[in-house]
Structures are given as C-alpha cells and as structure tokens.
Amino acid sequence: MKGCFLLVSFALVHHIAGDDYVVSNRRFPKDFKFGTASAAYQIEGGWNADGKGENIWDRSTHLYPEKNSYANGDVACDSYNKWQEDVELLKGMGVSAYRFSIAWSRVLPTGFVNSSNPAGIAYYKNLIAALKANNIEPLVTMHHWDIPTVLEDLGGFLNSDMQEWFLDYARFLFETFGEDIKDWVTFNEPKQTCGQGYGTGELAPNMLMEKPTDYMKLNSKINKKKSNYEDIEAAERNLIFTFGWFGHPINFGDYPEIMKERIANRSLLEGFETSRLPSFTEEEKRIINGTADFICVNIYTSSMVNAIPEPEIRPLSPTRDLDIGTNVFQPDYWEPTITSWFKVVPWGARKLVNWISNQYGHPEIMVTENGYHDNGTVIHDMDTRGRYHKLYLSNLQDALYKDGVNLTGYMAWALTDDFEWQFGYNIQLGLYQVNFTDPDRPRTPKDSSKYYRHVVTTRCLLVDEECID
Ligand SMILES: *[C@@H]1O[C@H](CO)[C@@H](O)[C@H](O)[C@H]1NC(C)=O
Ligand SMILES: *[C@@H]1O[C@H](CO)[C@@H](O)[C@H](O)[C@H]1NC(C)=O
Ligand SMILES: *[C@@H]1O[C@H](CO)[C@@H](O)[C@H](O)[C@H]1NC(C)=O
Ligand SMILES: *[C@@H]1O[C@H](CO)[C@@H](O)[C@H](O)[C@H]1NC(C)=O
Ligand SMILES: *[C@@H]1O[C@H](CO)[C@@H](O)[C@H](O)[C@H]1NC(C)=O
Ligand SMILES: *[C@@H]1O[C@H](CO)[C@@H](O)[C@H](O)[C@H]1NC(C)=O
C-alpha cells in the first residue's frame, strides 16, 4: 500500500523551451498507468441518499448558490446510481487505472468513526470490485475537498484536532478498503483548500479569514518587462512557495528555508512578535519527514512571474504574493481557451515534473489530473481537448525518456463532464459529455475519448504505424 501527497495545480515556469509542439513518436512504457480521474462531489450526486451526511460542498451550494454559479452537485452525473455505466466507459477506453475520491460524509456521515454508513461503504466496495474485475487499478483520494459539516462546525482544518479526525478516517479507510487499494492519495490540492477555502472564500467552506492568516491575491499591475536574473530567481521562489510549502515538509520534514526566512522577516517588519508561518515541533518534523511513497501533481496550465524587488509591507493585510515577492501572469500571446486564466502551455508540464523530480531526489511521480476545459457543448473536440492531451502527454513523455523523470502514470481529467466547483456546469473537461438537463444524465463519447482509447491501447500518440518502442 502506498500513499502520495498531492501537490497543487499550477505550474510556474519561467521561459519557453525548444520543440514543444513536435509530438513524440515513441511508445509509452508497457507498465505506464493510463487512467482518468474524478472526485466524489463532482460526479456522485445522491447528496443525502441512504444515510450520507452533509458535507461542506452540500452546504456551500445550498446556502451560497451565488458562489457556485447557481448550481450544485445534488445529482451531478448521478454516478451514485450510474457507477456501473462509468466502469463500462473506463473498460471501453482500455484504461488500467481510475482515480476517484471517497466522500468522507458518505462512509462516515458525521466524520467520526463511530458513525459508519453501511450503504456508503457498500457503494465504494462495489465500485472497487467492479474496477478490479476489469483490471482497472483504483487510485483513491481520501480528501477531495468535501469534509463533513459536523467537522467543519468544530473548526474544520483550523482545529488541530483535524489531525486526529483525519487519522481515524484514514485508518478506517485502510481497514475497510485497504486490501483492494494499492495506491492512496491523501489530500487533493491542499493549496486550494488553504488559499481559497479558508483564504479568499471562493471555495467551500467559503471562509474569508481575518488577517493575517489570509493569503489573498494581489491585484497589482503586471509589469511586463523582459526577464532578468531577479525574475528567474522569483520564478524559483514562487515554485518553492507553491510546491515546497507542502512538498518540503513531507520530503524533508520542514518548510523551505526561504519561506521561513522571508515570512519571518516580513512578519517582524509588519509588527508581529513571531512569524506568521507556523513552525513544526520536533515531533511533527519526525512524523512527517519522508512520508510520501510517490508524488502526485495536477497540471492544467502555467504562469510566468516577475519579481517585485521590494514588496510593500502591509501590517494589516499581508498576502502570500507579497511574501513571495512576485507578480504572476499569463502572457496574452499564449494560446487561449474560453477562460482568461487557462492558457494551453504543454511545455510547462515537462518543466514542472522536472522541477519536482530534481527537488525531491527523483521520486516516482504521477500526474493525477490534466485536462482541457470548454463550455461542454463540443463533441468534436479533437482539435481542442484531444490535441491538448496529445501535446501535454508528448511533453510529459519527453520528461520521462529524455530527462529521466520517474513518471509512472497519467490520469486525464475527467472521465465525464461534471460539477466544476464554483464554475458549476459552465466549464467542462470530460472525455464523455453528460446531458445535465436530462434526468437520466446520458453520457456521450467525445472525439477525445476515442483518441484517448487509441493512446491507451497503443501507447502511441500518433497513428500506430508511426510509433517506435
Ligand atoms: C462519536 O464520536 C464523537 C467524537 O469522539 C463524539 O463526540 C460523539 O458523541 C460520538 N457519537 C456517538 C453516537 O457515540
Ligand atoms: C528528515 O530526514 C532526513 C533523512 O533522515 C534527515 O537528513 C533530515 O535532517 C530530516 N529533516 C528534519 C527537519 O529533521
Ligand atoms: C532576513 O533578515 C535578515 C536580517 O536582516 C537578513 O540577513 C536576511 O537576508 C533576510 N532574509 C531574507 C530572505 O530576506
Ligand atoms: C520508478 O518508480 C517505480 C515505482 O516506485 C520503481 O519501481 C522504479 O524502480 C523507479 N524507476 C527509476 C528509474 O527510479
Ligand atoms: C460553446 O463553444 C462553442 C465552440 O467554441 C461555440 O461554438 C458555442 O457557441 C458555445 N456555446 C455557448 C452556449 O456558449
Ligand atoms: C439534453 O436532454 C434534454 C432533455 O431530455 C433534451 O431536450 C436535449 O435535447 C438534450 N441535449 C442534448 C445536447 O442532447
């Protein structure tokens, strides 16, 4: 049984590399894990079915529809009822892995182990059994953003008892499902939980934190001057503050030095008595040091940064961006999609997995999400979504073969269209379309699903005859 710690979704890279759009003609290794990914709240529906407890997304979508594009996951793709059909879709594509998450509140409605829900346990047992019967390896996320509201009402992640609650939950999962699950993912995108769940309030539990724990976004103007040494250093610093924030503690037992030093220095100048960054006790360092068996990363897009040489000291409103001392932006000339913050940057994926590999001593790395979004109406998506997966996979394969990154798997986001958090159903990334106005939630293959089937079954990104081993 192995566990990974999932890092965050954005690659921060500095500049463009060579043949980024030349698609590799090499085949992926025979044991490379191709799969698709999903998350419980985004697909299951059945929000209060058969004893499931309320979680923070049920509450957020019901209480604050305006924060969630006036949509919710009450039914979503109805995978709570249609899971067998989803397994058939996976089987049809020939994938060898499927990443999904267990809804904590479905198996433990109050969050505590004394409240287990047999119907919820049976749901996941059946899903896991069906996957294994079809030679599809389950890759299970324990926390994909949806803690039970009972725990949130006790403070959620702001209460240090969360460590115990999570430990009990994790033990419960190992005992209940462990025999069938080789690989576990602990926390999906913890940066988003910290920064948007408890910082800006964009995501459940929609907490707009009182300063100074708040890591708000900086709305300063972008200075598009040419790259220089300071900017290169700033890009490195931003990666350390973004990935090292989580990656360093689990790989080395503590926060990165640069993070500790900058936040401590700035906290003093702001008038705080101690650093705003918490410190680990010696015991915590020992416990956390070296706890990941492999590293997972979700990759969607990339950004450029430039340095803010002397970031303003704002005693009442310190921000993470000021702590880092960078402006983050995406150049206008990068290939656009329907949203302003999502540019297609395939070479960024190669750079990012290289960075992680070099930082952490060449560990096993898995890409646990990668996908392209549009408005969900496009079935013939080979020129957009299909091409996106092709180019990203080609760059990731270069990282594997040319750079020696130990990349062992790739989970395309997503199997089906789904509930996309604060965007509701307005953006979609599925290889299968779901008709969300039809009560039966029918799935329709997009062209990209056929391309992915080709890739998975031939391990080749081009037409079969063009590929070599
Ligand atoms: C379950 O455990 C929690 C936490 O220990 C406790 O507060 C609660 O009273 C328990 N509930 C029952 C029904 O035993
Ligand atoms: C983490 O473990 C490594 C290897 O045992 C050790 O070198 C390092 O000092 C530890 N880190 C901390 C912060 O104690
Ligand atoms: C922090 O402050 C100390 C003392 O002023 C200084 O030597 C050091 O360079 C500063 N570090 C950073 C990362 O700014
Ligand atoms: C890559 O990781 C896998 C799984 O941990 C391991 O079996 C393999 O030896 C590693 N390969 C290299 C080249 O380090
Ligand atoms: C969705 O996107 C497609 C392709 O870009 C476009 O043709 C269509 O008009 C869009 N539909 C809506 C409802 O925005
Ligand atoms: C979705 O389902 C509704 C209700 O059955 C139907 O009217 C509509 O045409 C469907 N949309 C598409 C794109 O198939």
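Would you say Glu335 is acidic (Asp, Glu), open to solvent by less than 20 Å² (accessible area, probe 1.4 Å) and either under 23 Å from Ser24 (Cβ atoms) or in contact with a helix residue (DSSP H, G or I) (Cβ under 7 Å, 6 or more places away or on another chain) (or both)? Can you show your working first?
Working: acidic (Asp, Glu): yes; open to solvent by less than 20 Å² (accessible area, probe 1.4 Å): no; either under 23 Å from Ser24 (Cβ atoms) or in contact with a helix residue (DSSP H, G or I) (Cβ under 7 Å, 6 or more places away or on another chain) (or both): yes.
In short, no.
Evaluate the following for Gln196: is it buried (at least 21 other Cβ atoms within 10 Å of the Cβ) and at pLDDT below 95?
Working: buried (at least 21 other Cβ atoms within 10 Å of the Cβ): yes; at pLDDT below 95: yes.
The answer is yes for Gln196.
What number of residues within the stretch 348-389 satisfy the criterion of being of a type in the set (D, E, K, R) and either within 16 Å of ligand 2 (Cβ to nearest atom) or over 20 Å from the mean Cα position of the chain (by Cα) (or both)? Break it down stepwise before answering.
Going through the stretch 348-389, the residues of a type in the set (D, E, K, R) turn out to be 350-351, 364, 369, 374, 381, 383, 385, 387.
Those left that are additionally either within 16 Å of ligand 2 (Cβ to nearest atom) or over 20 Å from the mean Cα position of the chain (by Cα) (or both): 381, 383, 387.
Total satisfying the criteria: 3.
Is it the case, given these coordinates, that Ser340 is open to solvent by 60 Å² or more (accessible area, probe 1.4 Å) and more than 16 Å from ligand 1 (Cβ to nearest atom)? Talk me through it step by step, then tell me what you get.
Numbers: open to solvent by 60 Å² or more (accessible area, probe 1.4 Å): yes; more than 16 Å from ligand 1 (Cβ to nearest atom): yes.
Criteria met by Ser340.
The rows are residues; the columns are (1) in contact with a strand residue (DSSP E or B) (Cβ under 6 Å, 6 or more places away or on another chain); (2) of a type in the set (A, V, I, L, M, F, W, C); (3) under 18 Å from Tyr41 (Cα atoms).
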site	(1), (2), (3)
Gly386	no, no, no
Tyr410	yes, no, no
Gly424	no, no, yes
Asn435	no, no, yes
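Would you mind finding the one in Thr301, Thr291, Thr281 that is free of Cβ contacts under 8 Å to residues at least 60 places away in the same chain and either within 16 Å of ligand 2 (Cβ to nearest atom) or of a type in the set (Ser, Thr, Tyr) (or both)?
Working: Thr301 fails: free of Cβ contacts under 8 Å to residues at least 60 places away in the same chain; Thr291 fails: free of Cβ contacts under 8 Å to residues at least 60 places away in the same chain.
Every option except Thr281 fails the conditions.
Inside the stretch 286-312, can you point out the residues that are within 16 Å of ligand 3 (Cβ to nearest atom) and surrounded by 14 or more Cβ atoms within 10 Å (Cβ to Cβ)?
Passing the criteria: Ala307, Ile308, Pro311.
Out of curiosity, is Tyr451 out of contact with any Pro (no Cβ under 9 Å at 6 or more places or on another chain), under 15 Å from Lys390 (Cα atoms) and within 16 Å of ligand 4 (Cβ to nearest atom)? It would help to see each step written out before you state the result.
Working: out of contact with any Pro (no Cβ under 9 Å at 6 or more places or on another chain): yes; under 15 Å from Lys390 (Cα atoms): yes; within 16 Å of ligand 4 (Cβ to nearest atom): no.
Criteria not met by Tyr451.
Determine which member of the set Tyr372, Tyr392 is within 19 Å of Pro445 (Cα to Cα), touching a helix residue (DSSP H, G or I) at 6+ places or on another chain (Cβ under 6 Å) and more than 16 Å from ligand 6 (Cβ to nearest atom).
Tyr372
Can you tell which of Lys221, Lys211, Lys225 is modelled with pLDDT under 80, basic (Lys, Arg) and touching a Ser or Thr at 6+ places or on another chain (Cβ under 6 Å)?
Details: Lys221 fails: touching a Ser or Thr at 6+ places or on another chain (Cβ under 6 Å); Lys225 fails: touching a Ser or Thr at 6+ places or on another chain (Cβ under 6 Å).
Only one candidate passes the filter, namely Lys211.
Which numbered condition trips up Thr339, out of (1) modelled with pLDDT of 95 or more; (2) more than 24 Å from Phe187 (Cβ to Cβ)?
All conditions are met except number (1).
Please determine, by comparing only the residues of the stretch 143-165 that are part of a helix (DSSP H, G or I) and without any contact (Cβ under 8 Å) to a residue 24 or more places away in the chain, which one is surrounded by the most Cβ atoms within 10 Å (Cβ to Cβ). Before the answer, list the steps.
Restricting attention to the stretch 143-165, the residues satisfying the condition of being part of a helix (DSSP H, G or I) are 149-153, 156-158, 162-165.
From the residues that got through so far, the ones that are without any contact (Cβ under 8 Å) to a residue 24 or more places away in the chain too are 153, 162-164.
Values: Asp153: 13, Met162: 18, Gln163: 12, Glu164: 10.
Filtering the stretch 143-165 for residues that are part of a helix (DSSP H, G or I) and without any contact (Cβ under 8 Å) to a residue 24 or more places away in the chain, the one surrounded by the most Cβ atoms within 10 Å (Cβ to Cβ) comes out as Met162.
Quick check on my filter: what residues within the stretch 313-323 are surrounded by 17 or more Cβ atoms within 10 Å (Cβ to Cβ) and either under 28 Å from Gln397 (Cβ atoms) or of a type outside the set (Lys, Arg) (or both)? I'd like the intermediate steps shown before the answer.
Going through the stretch 313-323, the residues surrounded by 17 or more Cβ atoms within 10 Å (Cβ to Cβ) turn out to be 318-323.
Passing the criteria: Pro318, Thr319, Asp321, Leu322, Asp323.
What are the residues in the stretch 144-160 that are over 22 Å from Ser101 (Cα atoms) and touching a helix residue (DSSP H, G or I) at 6+ places or on another chain (Cβ under 9 Å), if any?
Of everything in the stretch 144-160, those that are over 22 Å from Ser101 (Cα atoms) and touching a helix residue (DSSP H, G or I) at 6+ places or on another chain (Cβ under 9 Å) turn out to be Leu154, Gly155, Leu158, Asn159.
Test each condition in (1) buried (at least 20 other Cβ atoms within 10 Å of the Cβ); (2) polar (S, T, N, Q); (3) more than 15 Å from Leu239 (Cβ to Cβ) for Thr326 and report the one that comes out false.
(3)
Could you list, in sequence order, the residues of the stretch 240-255 that are within 16 Å of ligand 3 (Cβ to nearest atom) and under 12 Å from Ile356 (Cα atoms)?
Hits for the stretch 240-255 are Ile240, Gly244, His248.
Tell me yes or no: at least one residue of the stretch 1-8 is assigned to a loop (DSSP other than H, G, I, E, B) and either over 20 Å from the mean Cα position of the chain (by Cα) or modelled with pLDDT of 95 or more (or both).
yes
If the requirement is being of a type in the set (Asp, Glu) and within 20 Å of the chain's Cα centre (by Cα), which of these qualifies: Asp146, Asp161? Step through it out loud before you land on a result.
On the way: Asp161 fails: within 20 Å of the chain's Cα centre (by Cα).
Going through Asp146, Asp161 in turn, the sole match is Asp146.
Residue-by-condition table, conditions (1) under 23 Å from Glu230 (Cα atoms); (2) more than 23 Å from the chain's Cα centre (by Cα); (3) not small (Gly, Ala, Ser):
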residue: Asn306; (1), (2), (3): yes, yes, yes
residue: Pro315; (1), (2), (3): no, yes, yes
residue: Tyr333; (1), (2), (3): yes, yes, yes
residue: Trp341; (1), (2), (3): no, no, yes
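The values are calculated or read from the model by the stated rules, or taken from the named source; none is laboratory data. Note that this is a predicted model, so its numbers are computed, not measured. All Cβ positions, even for glycine, are placed from backbone atoms using ideal geometry, and neighbour counts span all protein chains on display. What goes into the accessible areas is simple: the full protein's heavy atoms, side chains included, and nothing from ligands, DNA or RNA. Shrake-Rupley method; radii C 1.70, N 1.55, O 1.52, S 1.80 Å.
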